[in-house]
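These notes are about the structure you will find just below.
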Amino acid sequence: MSTVGILANPASGKDIRRLVAHGSVFDNLEKIRMVRRLIIGIEQAGASRIVYMPDAYGTVPRALEAISPSIPVQALDIPVRNTQQDTTAAAKAMQDCGAGCLVVLGGDGTNRAACKGTVDVPLLPLSTGTNNVFPSMGEATIAGLAAGIVATGAFPLAECCTTTCMFHIYLDETRADIALVDAAVYDDIFVGSRAVWNMDKVPQIFLTRCDPSSIGLSAIGGQLTTIRPEEPIGLALELGRAQEATVTAPIAPGLFATVPVRTSRRMQPGERFAIATTPGLIAVDGEREVDIPRGSRASIALSTDGPKVVDVPRVMALASAHGLFTRYHTPKPTRRRTV
């Protein structure tokens, strides 16, 4: 049985960066329409079952009010806490029930929560969050097709997916958390609204990827170098009293910061980087999550065992090349080579 999991976070795209920056609000009604198109695409691809994360808003049940798919669409039997734990528990349950692909509707934080549940099942991340570096914008109909194709095993995963890097964060030698895109040390002990926008309190940033066209903390590194998600390299930045460079970058939608970079250093897989701040916080993928108690020793290391991410254009190109959705009534025409 080929199964696709849907994790739609109704809370994504609504954090405080709508107040301190100029991020748009991603409406839940649009998420419902996206889920509807996802289901139609998954069904068309030939998957035999869909399982989904239940939520208090009823995103998937509302989507089903307007369509009648021919395959079962089933809620996971897990408690709804209305926290990130829901996403983590749902991803783990989807792995346990044999899902071949997980479609995640959310931002960097939602995808991180899913990866805390599993990194073994391919993810197809659709952007509905604030800082969307890990997920991509895309048409849900096509995403559904690609997810269904991956779940059916029509092609080897190595041809359909890219394996990305992630960070392991340690407190006193115990792994405390992960980050998919960035980890920022925050010289404060108050979690507050979780989102990071005051760069004066950030002495260190660690990045798994850098792109000058991205948004968020990875955009800072993107002005210094480019690192693709699948490259086994990270970047460690020390901030304060610019010795190497001063970088201006968009750290949130419509919000720029000018950041003094003291040093930048490439991170190799497994190499442990110490975090000097204690007590303090570590913001992972844009949100302050990890508390560094007074006297504790925190560190971070790059891992190449990150999630497999579905490459939608590549999957659809494979489907076209193998004629998955084409039935010829005459011999297949020979394509002439143009010189």
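Of all residue pairs spaced 6 or more apart or on separate chains, none has beta-carbon atoms under 6 Å together with a first member in the stretch 61-73 that is free of Cβ contacts under 8 Å to residues at least 12 places away in the same chain and a second member that is in a loop (DSSP other than H, G, I, E, B) and not small (G, A, S). The residue list T246, T278 contains one member that is polar (S, T, N, Q), assigned to a strand (DSSP E or B) and surrounded by fewer than 18 Cβ atoms within 10 Å (Cβ to Cβ), which is T246. Criterion applied to E238, E230 was being surrounded by fewer than 21 Cβ atoms within 10 Å (Cβ to Cβ), in a strand (DSSP E or B) and at negative phi, and the one residue passing it is E238. With respect to the stated conditions, L124 fails to be in contact with a Leu (Cβ under 6 Å, 6 or more places away or on another chain), closer than 30 Å to L324 by Cα and either at pLDDT 95 or above or not assigned by TED's automatic domain parsing to the domain that holds P156 (or both).
Here D305 clears all of (1) free of Cβ contacts under 8 Å to residues at least 60 places away in the same chain; (2) within 23 Å of the chain's Cα centre (by Cα); (3) in a loop (DSSP other than H, G, I, E, B) except the condition numbered (1).
Close Cβ contacts (under 6 Å, 6 or more residues apart or on different chains) running from residues in the stretch 209-237 that are in contact (Cβ under 8 Å) with a residue 60 or more places away in the chain to residues that are assigned to a strand (DSSP E or B) and of a type in the set (S, T, N, Q) comprise E230/T162. Among residues of the stretch 147-159 that are farther than 14 Å from A317 by Cα, those with a Cβ under 9 angstrom from a residue that is of a type in the set (S, T, Y), sequence gap 6+ or separate chain, pair up as G148/S2; A151/S2; A151/T3; A151/S48; T152/S2; T152/S48; G153/S2.
Counting only strands (runs of 3 or more DSSP E) that fall entirely inside the stretch 70-178 and contain at least 3 residues that are buried (at least 24 other Cβ atoms within 10 Å of the Cβ) and under 14 Å from the mean Cα position of the chain (by Cα), the qualifying elements are 99-106, 123-127.
Within the stretch 249-275, the set of residues being in a strand (DSSP E or B) and farther than 30 Å from E173 by Cβ comprises A249, P250, I251, A252, L255, F256, A257, T258, V259, P260.
The values are calculated or read from the model by the stated rules, or taken from the named source; none is laboratory data. Quantities reported herein were computed from a predicted structural model and do not represent experimental measurements. We place every Cβ from the backbone using ideal geometry, glycine too, and count neighbours over all the protein chains shown.
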